[in-house]
Structure formats: C-alpha cells, structure tokens
C-alpha cells in the first residue's frame with residue numbers, strides 16, 4: 001500500500017524535498033500577456049518577477065483543472081491512499097478541483113482525503129511537512145488530517161507589502177487609495193484570517209511594519225514549534241529580518257521563497273513571517 005501526499009505549487013516546496021518525500025505537486029497557472037505557464041515548471045521565480053516589474057499589467061492566475069488531479073489519482077492502485085493538502089479555498093478554487101476529481105474517479109478501493117489548508121505558501125508547506133512526518137510514523141489518513149486541522153488553528157502568517165501597485169492592479173485596493181498610500185509610505189501588514197487575505201494593520205514605513213510582525217512572533221516564542229521568513233524576490237531583505245527574529249527566538253528558522261501565483265497579488269519585495 002502506498003500513501004501518497006499531494007499538494008499544489010503554491011506550497012513552494014523544493015523539487016528535492018518533494019522527490020525525497022514522495023510528494024506530487026499540481027501546478028497552478030499564470031497568464032501574463034497571453035502567455036500561459038505552469039507555476040514551478042515553465043519559468044523560474046526571478047525571471048518572472050523581473051518581467052512583472054517591467055510590465056504595467058496584472059497577470060491572471062488560475063486553479064488547476066479537475067483533470068490535473070484526476071491524472072494523479074488515476075495512477076493509484078487498489079488499496080493505495082492519498083492525502084491532498086491544497087491552497088485555501090478562500091482564495092482559490094483548487095480545493096474544489098480536487099474534490100471534483102475524487103468524484104470523477106469514483107473508486108471505493110482507493111482512499112483519498114482532501115484538506116483545505118486555509119493557508120498558502122509556507123502556511124501550506126508547514127502542513128505538508130507535518131503530513132510527511134505523520135505518514136512516516138505510520139499514522140492513518142484520518143489522524144493526519146485531524147493533526148493538520150489542529151495546526152491550522154495555531155498558524156499565524158503576517159506579511160508586509162512593499163508596493164501597493166500590485167494590490168491595486170489586482171483590484172484589492174482602489175486607484176486613489178494606492179496613490180495616497182504611496183505618498184504616505186503606507187506599508188500594509190496583511191495576514192491570512194479564516195482562509196482569506198485581510199489587512200492586519202496599516203503602518204508607516206517598511207521597517208516599522210517588519211517590527212510589528214516580529215512583535216507578533218514575540219508573543220508566541222514560549223510555545224512556537226516552527227518559524228519561517230517568507231519573501232517575494234526579496235532575498236536581500238532576509239538577513240535583517242533574521243537578525244530581528246534571532247533576538248527573540250533561537251530555534252530553527254526556515255527561509256521560504258514565494259512564487260508567481262501568490263507573488264503576483266502581493267508583489268515583489270513582500271516579506272513575511274509564518275509560525276505555529
């Protein structure tokens with residue numbers, strides 16, 4: 001019996017980690033000026049964000065089709081199991097595509113559990129990593145799913161947007177709000193709440209915004225298990241954040257690079273902290 005773990009490309013896990021842990025990744029899609037490509041397959045992150053900085057357009061992002069999931073499900077043999085963990089249903093239709101594929105497969109001899117992670121990026125990746133650990137311990141699909149739902153209640157994910165332009169392009173803020181925010185150097189701190197991206201606070205200057213999210217971590221350091229710094233084509237900003245985090249937390253620290261689907265909406269230069 002095989003127990004396969006399946007996720008989507010917005011987990012941004014490395015190909016090496018996925019190979020080592022028998023993880024199948026279903027790509028989401030990006031349409032940039034009529035060119036459609038699969039995230040994590042057809043372009044590297046740096047080249048993509050260079051294009052995004054230069055083009056005054058907003059790319060369209062889309063979920064995988066149910067057929068994309070069905071192709072993987074169809075490879076399972078009688079008695080096999082699959083745990084599918086995907087981007088929050090509050091920001092993508094990927095979860096529904098996976099559910100539809102399971103219905104289309106219609107096989108009683110294969111067990112498939114599908115989990116709405118209620119997060120994305122490293123918030124999703126943390127859950128996939130945990131699922132791998134639980135599988136290796138011999139846990140059942142049901143107990144693994146229950147553990148992931150528990151992690152979701154503990155997860156916090158805050159991020160600081162560098163340029164309001166990308167939120168404006170995607171229609172998340174108005175044209176005048178964008179210009180007013182730019183004039184005032186507003187750096188909104190966003191977070192994932194109930195599976196959706198919402199404004200946590202509006203802060204003047206990026207340094208103050210980063211201090212705020214580090215302060216949020218400081219409230220949890222006594223019982224935190226995992227911490228990660230996430231960035232969208234902003235590796236140069238990571239060392240300074242590492243230093244701030246190291247002043248309050250001395251455990252392992254993941255560095256997580258966010259790709260085109262999520263990065264298009266928040267923009268290059270975005271940095272964040274995720275922990276549970």
- Within the range 232-256, count every residue that is part of a strand (DSSP E or B) and either without any contact (Cβ under 8 Å) to a residue 60 or more places away in the chain or out of contact with any helix residue (DSSP H, G or I) (no Cβ under 6 Å at 6 or more places or on another chain) (or both). 2
- Query: Of the residues 74, 92, which is touching a residue at least 40 places away in the same chain (Cβ under 8 Å) and in the same structural domain as residue 124 (by TED's automatic domain parsing)?
  - Reply: 92
- Quick one: which helices (runs of 4 or more DSSP H) lie wholly within the range 1-108 and hold at least 3 residues that are modelled with pLDDT under 95? 45-54
- Task: May I ask you to verify whether residue 245 is surrounded by 14 or more Cβ atoms within 10 Å (Cβ to Cβ) and within 17 Å of the chain's Cα centre (by Cα)?
- Result: no
- Counting only residues that are farther than 17 Å from residue 206 by Cα and surrounded by fewer than 24 Cβ atoms within 10 Å (Cβ to Cβ), the range 266-276 contains a total of 1
- Those residues of the range 5-32 which are farther than 21 Å from residue 92 by Cα and either assigned by TED's automatic domain parsing to the domain that holds residue 228 or surrounded by fewer than 16 Cβ atoms within 10 Å (Cβ to Cβ) (or both), in sequence order: 14, 15, 16, 17, 19, 20, 22
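The values are calculated or read from the model by the stated rules, or taken from the named source; none is laboratory data. Computed from a prediction, not measured in an experiment: that's the story for all the values here. Heads up, the Cβs are rebuilt from the backbone with ideal geometry, glycines too, and the neighbour counts pull from every protein chain shown.
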